Amino acid sequence: MSFRLGHGGRLIDRARPLGFSFDGRRMTGFAGDTLAAALLGAGETLMGRSFKYHRPRGAVAAGVEEPNALMGIGSGPQAEPNARATVVELAEGLEATSQNRWPNLALDIGQLTGLGARLMPAGFYYKTFIHPRAAWKHVFEPVIRRAAGLGRAPRGPDPDRYEQLYAFADVVVAGGGVAGLHAARLAAEAGRRVIVFEQAAHWGGRAPVEGEPVGGLPADAWVAAQLADLAARPNVTLRARATVFGLHDHGYLLAEERCGEGGGTGPRRRLWRVRAGLTVVACGAFERPLPFAGNDRPGVMLAAAVRDYLVNWAVAPGRAVAVVTGCDDAYRTAMALAGAGVRVPVVADLRPGGGGALAARARAMGLRVADGACIARVLGGRSVTGVVLAPADGDGSGGEEIACDAVAMSGGWSPAVHLWSQPGGGLAWDADRGLFRPDPARAPTGADGRPMAVAVGAAAGELALDAALADADRALRAVLGLPAGAPPVTAATAEAPPRTAAMLPARAGHRLRAKAFLDFQNDVKVSDIELAAREGYVSVEHAKRYTTLGMATDQGKLSNVAGIAVLAEARGTPVPEVGTTTFRPPFVPVTIGGLAGEASGPLFQPVRMTPLHGWHAARGAVWEPVGLWRRAYAYPATGERTADAVAREVLAVRGRVGLLDASTLGKILVRGPDAGRFLDMLYVGMMSTLPVGRCRYGVMCNEQGFVTDDGVVARLGSETFLCHTTTGGADRIHGWMEEWLQTEWWDWKVWTLNLTEQFAQIAVAGPKARVLLERLGGMDVSREAQPFMRWAEGRLSGIAARVFRISFSGELSFEIAVAASDGPALWERLMAEGADLGVTPYGTEAMHVLRAEKGYIIVGDETDGTVTPRDLGLERMIASGKADFIGRRGMERAHLVDPGRWRLVGLAAEDGAVLPEGAYAATDARNANGQRVTEGRVTSSYFSPTLKCGIALGLVRRGPERMGEVLAFPAAGGRVLKARIVEPVFHDKDGARLNG
Amino acid sequence: MLMLTCPHCGVTAEETEFAPGGQAHLKRQGPGSSDDDFEAYLFARANPRGVHLERWRHAFGCGKWFHAARCTVTLEVFGTYPARTAGPPAELRAAIAARRPGWPEGGR
Ligand SMILES: [Zn+2]
């Protein structure tokens, strides 16, 4: 059982005990502890259950690579799932909850039934997909959904604050170990803008744990001196508790800072979005587990992690710790344990020739070292009771049982190459060191095609302290163009070459291989990779997906090289030929809150408001989002249902006068000697012949001949046109105009300006519209002075206005454009002067009903990107005399002139009901797939308060030729709705009302 | 996320400030064109593994369109240039050829 030593612990403050809870049990740790250290210190080795098999698991690591000790932290809306206990800083009152267990951690039904093991062999997902769909739907998925899932998402809105910060730097150093700090120092001295991110709460990486002096100082003191120097420089920013988790195109680097931890104030998380000229990958290396049966038992840990717990937090994993290693580094653990008074019954060294100088030192301390030996299996269930020591190259039979309650293992080290690899940096297999390291010849490149990252120290494969510092010194001087210098002096300890292993012992049978874990988090065993290889998944990327090796948060941190070694052995090819899988961001899990930053609630996205927004809000308008705009959908009176409000508004326009805020309509000014010619190309109709002072409805198509936008064009002058677009189309059409002017007709003299937000526009519609405008005074709006489709400028009630006689309701209607700032005043005047006329503000839904009653189309309702002007009955809009316009050639295509196309008609349900929008009309015929053949669909459908029945517009095969026919619309529940094909104009077919 | 420089206003900005517009230097086919030519104009686009000439718009800046010469593999941006031209300027062509010998023949 793990325990806290009576003395030591460089990071803890024994004078400050902290209370916390684990699965509801009260425990105590010390300030400076991580949650994992505190749990181990309290004798708690069982920390979670594995994902697939629900096997008992404890902490394997001491840092971000921890695959097992994932916990829920906190409760309520602030709860955080899947936090790695190895990096969570202990705080007073912290609540931790284990995951993947039911009913509790010690007794788990999932494991008792062997549910996972039986249901989920390698390739499980793919195999179940091949089975009948019903098996997946009714058997596998419900079981998996209940049994699986990492953690539990918090409920309720997150009360914490998150923020994002943009930064620019010449050099970003990812990792504040000794190599990173030395690199930062060189860059800072060279005058570069430098940001250093260190993921842990403490600087210096592993060096202070190892205790070797650096630059003539104790490692701790050297680190402190570097930090003091860097902190004093104005061109350097230092951030601890900040993890660089992604390096992307052109040096775009993302880091998450945990500001809320360690007593910090401010936001809970801060996302750094940095443009880095050069990224120094100084992320160190991860120790690898060894593949032997039972290597996942609580109490089996990475050797360096054991050293971390011992030195940093004065925690020992057990009273007797067996060590098994393929490299010299683990001897440091054995000696540290022995030095702390912990018994080390054996050091099993895989290498037949044993280790180097460190091994000799261990022997000199009196430790038992077994060369060419390994652990054949771990004894015990929820904790370790012993190990079986056996020859590394044997089959595991006849080993020697050794009692112990913990195991420290080392399968060598893997550089943390993630940030190097994410943007495309190449890796090289270093056979001498047994690791993949960044290949400087294949560095990721930036916008200029030159390298944008350099890996230094352990991340570059230089694992020894002296070599790491020398490497950082050399690499930075080269990349910064500095003269050669000397790195800080350190002691050098020669190490013997490491040995990697695909399985221990090498000739172990299936029983042992099925208990030797490669990927703890995803429960991938040696036998799974071998099965994948046997079933033909020999490519590393295929094997990864087939077995889930290295997926989820592991991203190859612990499992990568071990899995590749197994695959290489199964294929009989060397490791470099197998290659590695792709390392994907994020390097470590990041919170959704951090990624969202402030972008939640009202700040989720900008809201565009018209100049009249405040008035609508004060009147209790129901809002409709249209793009980023908020438009008033209707203005229900107190106690009035929205649908009733819509009907009331419609009838007010038909009977008296209504006001609509039409400010969101796009208003693009097109001016220049070639403006008319340009608009003739842009619209299917003629605009160049439009006289000054007049308006004309226009339809725009894309080159395929499909309708993309529509609106009224007003000719303001001989070279000036004002083009109205749909609300959603304004920015798109402006860009579209510019694209043609700049990439195709760049010699045409035309300028465009999007004036949408410069004007407030108010539609005054209804039989009393003219009376109302006359009351405002200042302009002659009589039928004679301003006939339909004319515009005039003047002053209404003293406000400079441009008045368009246009109608989208079929009623006598004026649209009045005034400067945005004059909008509210004009609106208020209209409301005041029209009070006794019954003036009624109406919203977008009434506008839709009014236009549908008149059979006016809406781009996006009646069109979906595959509808032509002819389909909409707008062939009369197409100028016959024009040789060319955008869409003309496209419309000539055979399918677009097919007389069998679906065309616009009105639809009247036989019982007067409102047809469901989007409903399809079906014939009795069947297509090749056995489905009903469709012959039309409902594009718009409303209850018409004017006609007191449902009305609909739709596109129907040969529709206009089939007036009076009844179509069948199959509906939910097996019902069939019948509707008659009618003219699309339901109200005032001869248009008499337009003139009031 | 790319960084691009708008040749109109000179601003170097994040990709999110721009809107991509697909392949540059399309030859428009209007009325009278053959079905094959028109189909190619509408739908056939180069998808090179290497140097690509693209339309971009400085959508959240000056609003102007421009062209970029970019490597689709390494994301190296060889340069940007105004849209009102039928091809990249000579200096840019030389710069691309220096970085990608054989372009445009072999490099496309
Ligand atoms: Zn620009």
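Quick notes on this one:
- Note on region A:463-607: Cα convex hull, mean projected area over all directions, 15.4 nm².
- Surface exposure of region A:899-996, expressed per residue as accessible area with a 1.4 Å probe, stands at 50 Å².
- For the chain pair B and A, the interface hides roughly 2700 square angstrom of accessible area in total, found with a 1.4 Å probe.
- Cβ charges +1 (Lys, Arg) and -1 (Asp, Glu), total dipole of region A:498-652, debye: 280
- What the Cα convex hull of region A:198-254 gives, in volume per residue, is 107 Å³.
- Chain A, Cα convex hull volume normalised per residue, Å³: 223
- Residues whose placed amide H lies under 5 Å from that of A:Gly412, excluding near-sequence neighbours: A:Arg288, A:Gly326, A:Cys327
- Taking 10 °C and 1.306 mPa s as conditions, region A:899-996 diffuses translationally at an estimated 113 µm²/s according to Stokes-Einstein applied to its Kirkwood radius (Cα pairs).
- Karplus-derived 3J(HN,Hα) values for region B:46-59, using 6.51 cos²θ - 1.76 cosθ + 1.60 with θ = phi - 60°, are 5, 9, x, 9, x, 5, 9, 9, 10, 8, 9, 10, 7, 5 Hz; glycine and proline are entered as x.
- Per residue value of the accessible surface for region B:1-49 (all protein chains in place, 1.4 Å probe), Å²: 56
- 1.4 Å probe, heavy atoms, protein only - residues of region A:708-744 losing at least 30 Å² accessible area vs chain alone: A:Gly735, A:Glu738, A:Glu739, A:Gln742, A:Thr743, A:Glu744
- Dipole magnitude for the protein assembly as shown: computed about the Cα centre from +1 point charges on Lys and Arg Cβ and -1 point charges on Asp and Glu Cβ, it is near 1220 debye.
- Whole-Hz couplings from phi, Karplus 6.51/-1.76/1.60, listed for region A:438-453; x for Gly and Pro: x, 8, x, 6, 10, 5, x, 10, x, 4, 8, x, 9, x, 10, 9
- For A:Thr939, residues with placed amide H under 5 Å, excluding near neighbours: A:Gly918, A:Leu953, A:Gly954, A:Leu955
- Of the three principal axes defined by the Cα atoms of region A:4-103, the extents in descending order read 40, 29, 23 Å.
- For region A:195-201, 3J(HN,Hα) per residue [Karplus equation, 6.51 cos²θ - 1.76 cosθ + 1.60, θ = phi - 60°, Hz, x = Gly/Pro]: 10, 10, 10, 10, 6, 8, 7
- Fraction of the pair-distance distribution of region A:583-642 above 20 Å, Cα-Cα pairs, percent: 50
- Accessible-area composition of the protein assembly as shown, carbon plus sulfur, in percent [1.4 Å probe]: 54
- Equivalent ellipsoid, chain B (semi-axes from 5 times Cα gyration tensor eigenvalues, Å): 23, 19, 13
- Under 26 Å of direct C-alpha separation, and excluding same-chain neighbours fewer than eight residues apart, A:Lys667 reaches these lysines: A:Lys749, A:Lys854, A:Lys882, B:Lys64.
- Ranking A:Val897, A:Val323 by solvent-accessible area of protein heavy atoms (1.4 Å probe, all protein chains present), from largest to smallest, gives A:Val897, A:Val323.
- Kirkwood Rh and Cα Rg combined as Rg/Rh, region A:858-900: 0.95
- Amide hydrogen proximity for A:Phe30: with H placed 1.01 Å from N in the peptide plane, the residues at 5 or more positions away or on another chain lying under 5 Å are A:Leu18.
- Helix-only CD estimate at 222 nm, as mean residue ellipticity for chain B, using -39500 (n - 2.57) per DSSP H run (n ≥ 4): -5000 deg cm²/dmol
- Cα pair distances of region A:350-427 binned at 10 Å [whole percent]: 16, 33, 27, 17, 7
- With q set to 0.10, 0.15, 0.21 Å⁻¹, the log10 of I(q)/I(0) for region A:715-870, from the Debye formula over equal scatterers at the Cα positions, is -0.44, -0.94, -1.47.
- When the P(r) of region A:500-578 is calculated, the portion above 15 Å amounts to 48% of the C-alpha pairs.
- With N counted as the residues of region A:290-387, its alpha-carbon radius of gyration over 2.2 N^0.38 Å works out to 0.99.
- Computed P(r) (all Cα pairs; region A:203-353; 10 Å bins; percent): 9, 27, 30, 24, 10, 1
- Once the 1.4 Å probe is applied to the protein heavy atoms, region A:289-411 comes out at 27 Å² accessible per residue.
The values are calculated or read from the model by the stated rules, or taken from the named source; none is laboratory data. Predicted, not measured: the structure shown is a model, and the values here were computed from it. Here the Cβ is made from the backbone with ideal geometry for all residues, glycine too, and neighbour counts use every protein chain on show. Heavy atoms of the whole protein, side chains included, go into the accessibility calculation; ligands, DNA and RNA do not. Shrake-Rupley method; radii C 1.70, N 1.55, O 1.52, S 1.80 Å.
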